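Q: Pasting in a structure now, in structure tokens, and then I'll have a few things to ask.
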Amino acid sequence: MPELPEVEVVRRGLESHVVGREVLDVEVSGARTARRQPGGPEEIVARLRGRAVSGARRRGKYLWLTLDGDETPGADCLFVHLGMSGQMLVTDHDAPPVPHLHARAVLDDGNDLRFVDQRTFGGWTVVPLAEAADGTGVLLPAPAVHVAADPFEPGFDAAAVARTIRRRDTELKRLLLDQRVVSGIGNIYADEALWRSGVHGRRRAGALTLAAVRGVLGHAREVMDDALRAGGTSFDALYVNVNGASGYFDRSLDAYGRAGLPCARCGTPVVREDFMNRGSHYCPVCQAPPRRRQPGRPARRQ
Ligand SMILES: [Zn+2]
């Protein structure tokens with residue numbers, strides 16, 4: 001599943017190569033690609049053909065293209081669901097079709113914007129923009145209005161998010177992954193942020209100090225920023241690409257996927273445990289697992 005830094009790389013590629021172009025024609029061949037559109041492939045074609053792509057926007061891991069310069073509530077946008085393996089490719093219109101090509105927009109500069117998706121969890125939808133549920137006035141694709149701000153947004157209020165997290169009596173990592181609390185932090189970067197912070201993800205959020213929670217949010221932003229700078233330079237100009245492997249970001253990881261390897265800080269082998277149907281990776285020394293509460297004693301704050 002692509003994480004925020006990879007989606008941002010795609011967004012930047014679309015901004016460079018697709019924004020400003022007009023959509024001359026649209027073909028949607030995969031029924032699954034259009035399954036979120038009530039009117040099916042025909043509706044996507046009808047609502048995209050002849051429109052100008054005016055912006056490439058992202059919140060968290062959500063990506064969309066704005067149309068005709070209209071960013072007001074109710075205006076159409078192309079909401080791109082990358083799913084597990086979706087790719088947005090900019091290629092010459094006459095380039096041969098590639099396997100798993102499910103949709104393409106023919107642009108007015110001789111290129112195609114192609115949607116390629118091997119595992120078909122992704123898709124395109126043309127939906128109206130609507131105001132975010134968080135009251136910030138930010139416009140999002142209507143199906144994504146519940147998605148909270150991500151740590152890179154100018155309007156991201158780290159103190160308010162940390163307070164929200166502390167009010168919830170559940171494990172910290174569960175809240176970091178909750179896109180309605182803070183968006184864009186996936187499993188990989190949650191583990192990395194927790195490792196950098198020296199906090200175990202199963203700690204109860206309400207038992208942590210506000211400073212500790214803010215520290216984790218700050219590290220989440222930092223670790224994704226590092227990944228973006230490491231990976232953001234490696235995409236080919238005409239190959240706006242995202243895939244689920246995230247291979248070129250792996251070299252900067254200290255916890256995720258490093259079970260059994262020494263912790264870069266203290267040398268203790270990193271541990272993997274099951275968490276929310278996925279894996280959590282942590283250093284058992286730098287990130288002490290939560291102790292069981294003693295009966296009758298309040299949880300200690302750290
Ligand atoms: Zn360690």
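Q: If I take R0 = 41 Å and measure r between the Cβ atoms of residue 52 and residue 181 in this structure, what FRET efficiency does the formula 1/(1 + (r/R0)^6) give, to the nearest 0.05?
A: Numbers: r = 35 Å, r/R0 = 0.86.
Using R0 = 41 Å, I get an efficiency of 0.70.
Q: Continuing with this model, one more query. Give the relative contact order (percent, whole number) for the chain; include only Cα pairs under 8 Å separated by 6+ residues.
A: 18 percent
Q: Let me ask something else. How much space per residue, in cubic angstrom, does the convex hull of the C-alpha atoms of region 4-144 take up?
A: On the way: hull volume 14.0 nm³, N = 141.
Dividing the Cα hull volume of region 4-144 by its residue count gives 99 Å³.
Q: In addition: Considering the chain, which cysteines have no disulfide-compatible partner, defined as another cysteine with its Cβ under 4.7 Å away?
A: Singleton cysteines: 77, 266.
Q: Now for a different question. Compute the FRET efficiency between residue 22 and residue 261 as 1/(1 + (r/R0)^6), taking r as their Cβ-Cβ distance and R0 = 41 Å, and round to the nearest 0.05.
A: Approximately 0.20, to the nearest 0.05.
Q: Any idea how far apart residue 98 and residue 121 come out in nm if each label point goes 7 Å out from Cα toward Cβ?
A: Roughly 2.0 nm, to one decimal.
Q: Right, next: 222 nm [θ] for the chain, helices only, -39500 (n - 2.57) per DSSP H run of 4+, per residue, to 500?
A: One gets -7500 deg cm²/dmol as the mean residue ellipticity at 222 nm.
Q: Can you give me the pair-distance distribution of the chain, C-alpha pairs, 20 Å bins, whole percents?
A: All Cα pairs considered, the percentages come to 32, 52, 15, 1.
Q: Using θ = phi - 60° and the Karplus form 6.51 cos²θ - 1.76 cosθ + 1.60, what ³J(HN,Hα) does each residue of region 80-90 get, whole Hz, x for Gly and Pro?
A: For region 80-90, the Karplus-derived couplings read 9, 9, 6, x, 8, 9, x, 10, 10, 10, 9 Hz, x marking Gly and Pro.
Q: In whole Hz, with x marking every Gly and Pro, tabulate ³J(HN,Hα) for region 114-129 from phi via Karplus 6.51 cos²θ - 1.76 cosθ + 1.60, θ = phi - 60°.
A: 10, 10, 10, 8, 5, 9, 6, 8, x, x, 10, 9, 9, 9, x, 7
Q: So what are the ³J(HN,Hα) numbers for region 278-290, from phi and the Karplus equation (6.51, -1.76, 1.60; θ = phi - 60°), rounded to whole Hz, Gly and Pro as x?
A: 10, x, 10, 10, 7, 8, x, 8, 5, 10, 4, x, x
None of the figures in this text is laboratory data; all of them are computed from the coordinates on show. Predicted, not measured: the structure shown is a model, and the values here were computed from it. Ideal geometry is used to build each Cβ from the backbone, glycine not excepted, and the neighbour counts take in all protein chains shown.
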